[in-house]
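Just below is one structure, and these are the notes that go with it.
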(Lines give C-alpha, C1' and ligand atoms only; values in the text may rest on other atoms or scores of the structure.)
Protein backbone atom coordinates (compact mmCIF):
# COMPACT_ATOMS: atom_id res chain seq x y z
CA UNK A 1 0.00 0.00 0.00
CA UNK A 2 2.89 2.37 0.73
CA UNK A 3 4.80 1.69 -2.46
CA UNK A 4 2.48 3.69 -4.68
CA UNK A 5 2.64 6.96 -2.67
CA UNK A 6 6.41 6.59 -2.40
CA UNK A 7 6.71 6.13 -6.15
CA UNK A 8 4.47 9.14 -6.85
CA UNK A 9 6.43 11.31 -4.43
CA UNK A 10 9.69 10.21 -6.04
CA UNK A 11 8.40 11.04 -9.53
CA UNK A 12 7.12 14.39 -8.27
CA UNK A 13 10.47 15.25 -6.67
CA UNK A 14 12.33 14.24 -9.81
CA UNK A 15 10.03 16.40 -11.93
CA UNK A 16 10.49 19.44 -9.71
CA UNK A 17 14.25 18.88 -9.62
CA UNK A 18 14.36 18.61 -13.41
CA UNK A 19 12.55 21.94 -13.70
CA UNK A 20 14.07 24.01 -10.91
CA UNK A 21 17.65 22.79 -10.43
CA UNK A 22 18.80 24.45 -13.69
CA UNK A 23 17.09 27.69 -12.62
CA UNK A 24 18.73 27.57 -9.20
CA UNK A 25 22.10 26.89 -10.82
CA UNK A 26 21.64 29.89 -13.08
CA UNK A 27 20.76 32.10 -10.10
CA UNK A 28 23.81 30.92 -8.13
CA UNK A 29 26.22 31.49 -11.02
CA UNK A 30 24.79 34.96 -11.65
CA UNK A 31 26.71 35.96 -8.49
CA UNK A 32 29.91 34.48 -9.87
CA UNK A 33 33.04 36.63 -9.84
CA UNK A 34 34.57 34.72 -12.76
CA UNK A 35 34.07 35.64 -16.41
CA UNK A 36 33.32 32.00 -17.13
CA UNK A 37 29.64 31.20 -16.62
CA UNK A 38 30.19 27.69 -15.24
CA UNK A 39 33.39 28.15 -13.21
CA UNK A 40 32.90 29.47 -9.70
CA UNK A 41 35.31 32.28 -8.88
CA UNK A 42 33.81 33.66 -5.69
CA UNK A 43 30.74 35.67 -4.74
CA UNK A 44 30.22 38.97 -6.53
CA UNK A 45 27.39 41.23 -7.68
CA UNK A 46 29.41 43.05 -10.32
CA UNK A 47 27.46 41.54 -13.23
CA UNK A 48 24.25 43.12 -11.96
CA UNK A 49 26.01 46.47 -11.89
CA UNK A 50 27.23 46.00 -15.46
CA UNK A 51 23.70 45.28 -16.60
CA UNK A 52 22.62 48.73 -15.42
CA UNK A 53 25.45 50.24 -17.44
CA UNK A 54 24.41 48.45 -20.65
CA UNK A 55 22.08 50.78 -22.57
CA UNK A 56 21.15 48.13 -25.14
CA UNK A 57 19.86 45.74 -22.49
CA UNK A 58 17.87 48.47 -20.74
CA UNK A 59 16.30 49.62 -24.03
CA UNK A 60 15.45 46.04 -24.99
CA UNK A 61 13.94 45.37 -21.57
CA UNK A 62 11.78 48.51 -21.68
CA UNK A 63 10.64 47.68 -25.23
CA UNK A 64 9.75 44.11 -24.24
CA UNK A 65 7.82 45.38 -21.22
CA UNK A 66 5.93 47.89 -23.36
CA UNK A 67 4.99 45.29 -25.97
CA UNK A 68 4.00 42.77 -23.28
CA UNK A 69 1.69 45.23 -21.48
CA UNK A 70 -0.04 46.41 -24.66
CA UNK A 71 -0.41 42.96 -26.21
CA UNK A 72 -1.59 41.37 -22.94
CA UNK A 73 -4.19 44.09 -22.41
CA UNK A 74 -5.56 43.87 -25.96
CA UNK A 75 -5.49 40.07 -25.92
CA UNK A 76 -7.37 40.05 -22.61
CA UNK A 77 -10.07 42.38 -23.91
CA UNK A 78 -10.57 40.46 -27.15
CA UNK A 79 -10.15 37.07 -25.50
CA UNK A 80 -12.73 37.91 -22.83
CA UNK A 81 -15.28 38.84 -25.48
CA UNK A 82 -14.53 35.71 -27.49
CA UNK A 83 -14.68 33.49 -24.40
CA UNK A 84 -18.04 34.93 -23.35
CA UNK A 85 -19.41 34.46 -26.87
CA UNK A 86 -18.30 30.81 -27.03
CA UNK A 87 -19.48 29.99 -23.50
CA UNK A 88 -22.84 31.76 -23.46
CA UNK A 89 -23.96 31.42 -27.09
CA UNK A 90 -23.96 27.72 -27.82
CA UNK A 91 -25.52 27.98 -31.27
CA UNK A 92 -24.90 30.68 -33.86
CA UNK A 93 -23.94 30.62 -37.50
CA UNK A 94 -20.22 30.10 -37.95
CA UNK A 95 -19.58 29.06 -34.34
CA UNK A 96 -17.54 26.01 -35.36
CA UNK A 97 -15.37 28.04 -37.72
CA UNK A 98 -14.97 30.81 -35.14
CA UNK A 99 -14.01 28.34 -32.41
CA UNK A 100 -11.53 26.62 -34.73
CA UNK A 101 -9.88 29.89 -35.72
CA UNK A 102 -9.57 30.92 -32.08
CA UNK A 103 -8.09 27.61 -30.92
CA UNK A 104 -5.86 26.79 -33.90
CA UNK A 105 -2.79 28.69 -32.57
CA UNK A 106 -2.78 26.32 -29.58
CA UNK A 107 -1.73 23.40 -31.77
CA UNK A 108 0.08 25.31 -34.48
CA UNK A 109 3.91 25.42 -34.24
CA UNK A 110 5.37 28.85 -33.56
CA UNK A 111 7.41 28.65 -36.75
CA UNK A 112 4.25 28.26 -38.85
CA UNK A 113 2.56 31.12 -37.00
CA UNK A 114 5.62 33.33 -37.47
CA UNK A 115 5.91 32.60 -41.20
CA UNK A 116 2.19 33.15 -41.80
CA UNK A 117 2.27 36.49 -39.96
CA UNK A 118 5.38 37.53 -41.88
CA UNK A 119 3.69 36.79 -45.22
CA UNK A 120 0.54 38.59 -44.01
CA UNK A 121 2.45 41.77 -43.15
CA UNK A 122 4.34 41.66 -46.46
CA UNK A 123 1.05 41.38 -48.37
CA UNK A 124 -0.45 44.24 -46.38
CA UNK A 125 2.50 46.45 -47.23
CA UNK A 126 2.25 45.54 -50.91
CA UNK A 127 -1.48 46.20 -51.27
CA UNK A 128 -2.28 49.00 -48.79
CA UNK A 129 1.17 50.33 -47.92
CA UNK A 130 0.93 49.48 -44.23
CA UNK A 131 2.96 48.72 -42.24
CA UNK A 132 5.77 50.70 -43.83
CA UNK A 133 8.29 48.46 -42.05
CA UNK A 134 8.22 45.71 -39.48
CA UNK A 135 8.84 46.87 -35.95
CA UNK A 136 7.02 47.46 -32.67
CA UNK A 137 3.57 47.51 -34.28
CA UNK A 138 3.96 44.21 -36.13
CA UNK A 139 5.48 42.49 -33.10
CA UNK A 140 2.66 43.73 -30.87
CA UNK A 141 0.00 42.52 -33.33
CA UNK A 142 1.72 39.14 -33.57
CA UNK A 143 1.81 38.78 -29.78
CA UNK A 144 -1.87 39.71 -29.55
CA UNK A 145 -2.67 37.03 -32.13
CA UNK A 146 -1.17 34.08 -30.27
CA UNK A 147 -1.97 35.35 -26.74
CA UNK A 148 -5.63 35.77 -27.63
CA UNK A 149 -6.06 32.00 -27.85
CA UNK A 150 -4.90 31.35 -24.30
CA UNK A 151 -7.03 34.10 -22.79
CA UNK A 152 -10.12 32.86 -24.64
CA UNK A 153 -9.56 29.32 -23.39
CA UNK A 154 -9.24 30.48 -19.77
CA UNK A 155 -12.35 32.67 -19.90
CA UNK A 156 -14.43 30.01 -21.66
CA UNK A 157 -13.37 27.37 -19.13
CA UNK A 158 -14.25 29.63 -16.19
CA UNK A 159 -17.68 30.50 -17.57
CA UNK A 160 -18.47 26.86 -18.32
CA UNK A 161 -18.06 26.15 -14.58
CA UNK A 162 -20.09 29.17 -13.43
CA UNK A 163 -23.69 28.82 -12.27
CA UNK A 164 -25.91 30.16 -15.03
CA UNK A 165 -28.88 30.31 -12.63
CA UNK A 166 -27.47 33.46 -11.02
CA UNK A 167 -27.53 35.34 -14.32
CA UNK A 168 -31.00 33.98 -15.15
CA UNK A 169 -32.29 35.11 -11.75
CA UNK A 170 -30.94 38.61 -12.36
CA UNK A 171 -32.67 38.69 -15.75
CA UNK A 172 -35.95 37.56 -14.14
CA UNK A 173 -35.66 40.40 -11.62
CA UNK A 174 -35.55 42.94 -14.46
CA UNK A 175 -31.84 43.45 -15.03
CA UNK A 176 -30.79 44.24 -18.57
CA UNK A 177 -28.14 42.10 -20.30
CA UNK A 178 -25.47 44.78 -19.93
CA UNK A 179 -26.29 45.10 -16.22
CA UNK A 180 -25.99 41.33 -15.77
CA UNK A 181 -22.67 41.44 -17.58
CA UNK A 182 -21.39 44.28 -15.39
CA UNK A 183 -22.71 43.19 -12.00
CA UNK A 184 -22.56 39.38 -12.22
CA UNK A 185 -20.62 37.93 -15.14
CA UNK A 186 -17.55 40.15 -14.99
CA UNK A 187 -17.09 39.76 -11.18
CA UNK A 188 -17.39 35.98 -11.59
CA UNK A 189 -14.71 35.81 -14.28
CA UNK A 190 -12.49 38.54 -12.78
CA UNK A 191 -9.91 36.02 -11.45
CA UNK A 192 -9.84 34.34 -14.86
CA UNK A 193 -9.35 37.71 -16.56
CA UNK A 194 -6.41 38.44 -14.29
CA UNK A 195 -4.96 34.98 -14.93
CA UNK A 196 -5.38 35.44 -18.68
CA UNK A 197 -3.66 38.83 -18.61
CA UNK A 198 -0.76 37.47 -16.58
CA UNK A 199 -0.35 34.48 -18.90
CA UNK A 200 -0.48 36.69 -22.00
CA UNK A 201 2.05 39.08 -20.44
CA UNK A 202 4.43 36.23 -19.63
CA UNK A 203 4.09 34.65 -23.08
CA UNK A 204 4.81 37.97 -24.75
CA UNK A 205 7.73 38.75 -22.48
CA UNK A 206 9.67 35.60 -23.39
CA UNK A 207 8.57 35.05 -27.00
CA UNK A 208 11.45 34.50 -29.44
CA UNK A 209 10.35 32.57 -32.54
CA UNK A 210 7.35 34.65 -33.63
CA UNK A 211 9.11 37.87 -32.67
CA UNK A 212 12.09 36.92 -34.81
CA UNK A 213 9.83 36.65 -37.89
CA UNK A 214 7.83 39.84 -37.31
CA UNK A 215 10.47 42.25 -36.01
CA UNK A 216 12.59 44.59 -38.09
CA UNK A 217 15.83 46.59 -37.94
CA UNK A 218 16.14 48.67 -34.79
CA UNK A 219 13.50 46.70 -32.89
CA UNK A 220 15.25 44.30 -30.55
CA UNK A 221 13.30 42.80 -27.69
CA UNK A 222 14.95 41.35 -24.62
CA UNK A 223 14.50 37.66 -25.60
CA UNK A 224 15.98 38.36 -29.05
CA UNK A 225 18.94 40.16 -27.43
CA UNK A 226 19.51 37.28 -25.01
CA UNK A 227 19.29 34.76 -27.85
CA UNK A 228 21.87 36.65 -29.90
CA UNK A 229 24.23 36.76 -26.92
CA UNK A 230 23.74 33.09 -26.01
CA UNK A 231 24.76 32.03 -29.53
CA UNK A 232 28.21 33.43 -28.74
CA UNK A 233 28.32 31.68 -25.37
CA UNK A 234 26.65 31.99 -21.98
CA UNK A 235 28.23 34.69 -19.83
CA UNK A 236 27.57 35.68 -16.19
CA UNK A 237 25.76 38.85 -17.25
CA UNK A 238 23.22 36.68 -19.10
CA UNK A 239 22.74 34.67 -15.91
CA UNK A 240 22.19 37.92 -14.00
CA UNK A 241 19.70 39.19 -16.58
CA UNK A 242 17.79 35.90 -16.54
CA UNK A 243 17.76 35.93 -12.73
CA UNK A 244 16.22 39.41 -12.70
CA UNK A 245 13.59 38.24 -15.19
CA UNK A 246 12.76 35.19 -13.07
CA UNK A 247 12.48 37.42 -10.01
CA UNK A 248 10.12 39.88 -11.71
CA UNK A 249 7.90 37.10 -13.07
CA UNK A 250 7.89 35.33 -9.70
CA UNK A 251 6.86 38.51 -7.86
CA UNK A 252 4.14 39.12 -10.44
CA UNK A 253 2.78 35.60 -10.05
CA UNK A 254 2.80 35.93 -6.25
CA UNK A 255 0.93 39.24 -6.34
CA UNK A 256 -1.58 37.86 -8.83
CA UNK A 257 -2.15 34.78 -6.66
CA UNK A 258 -2.81 36.95 -3.60
CA UNK A 259 -5.21 39.22 -5.52
CA UNK A 260 -7.09 36.29 -7.07
CA UNK A 261 -7.38 34.58 -3.68
CA UNK A 262 -8.90 37.70 -2.18
CA UNK A 263 -11.27 38.10 -5.11
CA UNK A 264 -12.42 34.48 -4.80
CA UNK A 265 -13.03 34.90 -1.07
CA UNK A 266 -14.98 38.10 -1.64
CA UNK A 267 -17.08 36.47 -4.37
CA UNK A 268 -17.84 33.45 -2.17
CA UNK A 269 -18.78 35.71 0.72
CA UNK A 270 -21.10 37.80 -1.47
CA UNK A 271 -22.75 34.67 -2.84
CA UNK A 272 -23.34 33.32 0.67
CA UNK A 273 -24.88 36.63 1.75
CA UNK A 274 -27.11 36.63 -1.32
CA UNK A 275 -28.30 33.07 -0.66
CA UNK A 276 -29.03 33.92 2.99
CA UNK A 277 -30.98 37.01 1.97
CA UNK A 278 -33.15 34.95 -0.37
CA UNK A 279 -33.98 32.33 2.26
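Return only the number of the condition from (1) modelled with pLDDT of 85 or more; (2) loosely packed, with under 10 Cβ neighbours inside 10 Å; (3) assigned to a loop (DSSP other than H, G, I, E, B) that residue 90 does not satisfy.
Tallying (1) modelled with pLDDT of 85 or more; (2) loosely packed, with under 10 Cβ neighbours inside 10 Å; (3) assigned to a loop (DSSP other than H, G, I, E, B), residue 90 fails exactly one: (1).
Which of the residues spanning the range 188-219 are assigned to a loop (DSSP other than H, G, I, E, B) and either modelled with pLDDT of 90 or more or over 13 Å from residue 136 (Cα atoms) (or both)?
Listed by number, the residues that qualify are 206, 207, 208, 215.
Within the range 1-59, how many residues turn out to be exposed (fewer than 13 other Cβ atoms within 10 Å of the Cβ) and not in a helix (DSSP H, G or I)?
The total comes to 10.
Any residue in the range 155-164 that is at pLDDT below 85, surrounded by 18 or more Cβ atoms within 10 Å (Cβ to Cβ) and either out of contact with any strand residue (DSSP E or B) (no Cβ under 8 Å at 6 or more places or on another chain) or under 24 Å from residue 68 (Cα atoms) (or both)?
So far as the range 155-164 goes, no, none of its residues is at pLDDT below 85, surrounded by 18 or more Cβ atoms within 10 Å (Cβ to Cβ) and either out of contact with any strand residue (DSSP E or B) (no Cβ under 8 Å at 6 or more places or on another chain) or under 24 Å from residue 68 (Cα atoms) (or both).
Is there any pair linking a residue in the range 22-33 that is under 10 Å from residue 44 (Cα atoms) to one that is in a helix (DSSP H, G or I), with Cβ under 6 Å and at least six apart or on different chains, and which?
Qualifying pairs under 6 Å: 29/239; 30/239; 30/240; 30/243; 32/236.
Is it the case that some residue within the range 74-84 is assigned to a loop (DSSP other than H, G, I, E, B) and within 21 Å of the chain's Cα centre (by Cα)?
The answer is no, given that none of the residues of the range 74-84 is assigned to a loop (DSSP other than H, G, I, E, B) and within 21 Å of the chain's Cα centre (by Cα).
Go through the range 236-260 residue by residue and tally those that are surrounded by 17 or more Cβ atoms within 10 Å (Cβ to Cβ) and closer than 19 Å to residue 52 by Cβ.
Adding up the residues that qualify gives 9.
Of everything in the range 189-231, what is buried (at least 19 other Cβ atoms within 10 Å of the Cβ) and closer than 30 Å to residue 170 by Cβ? Give them in sequence order.
Once the filter is applied, which keeps residues that are buried (at least 19 other Cβ atoms within 10 Å of the Cβ) and closer than 30 Å to residue 170 by Cβ, the range 189-231 yields 189, 191, 192, 193, 195, 196, 197, 198, 199, 200.
For residue 31, are the conditions met, namely being closer than 28 Å to residue 205 by Cα and in contact with a strand residue (DSSP E or B) (Cβ under 6 Å, 6 or more places away or on another chain)?
Criteria met by residue 31.
The values are calculated or read from the model by the stated rules, or taken from the named source; none is laboratory data. Just so it is clear, the model here is predicted, and its values are computed rather than measured. No Cβ is skipped: glycine too gets one built from the backbone with ideal geometry, and neighbour counts run over all protein chains shown.
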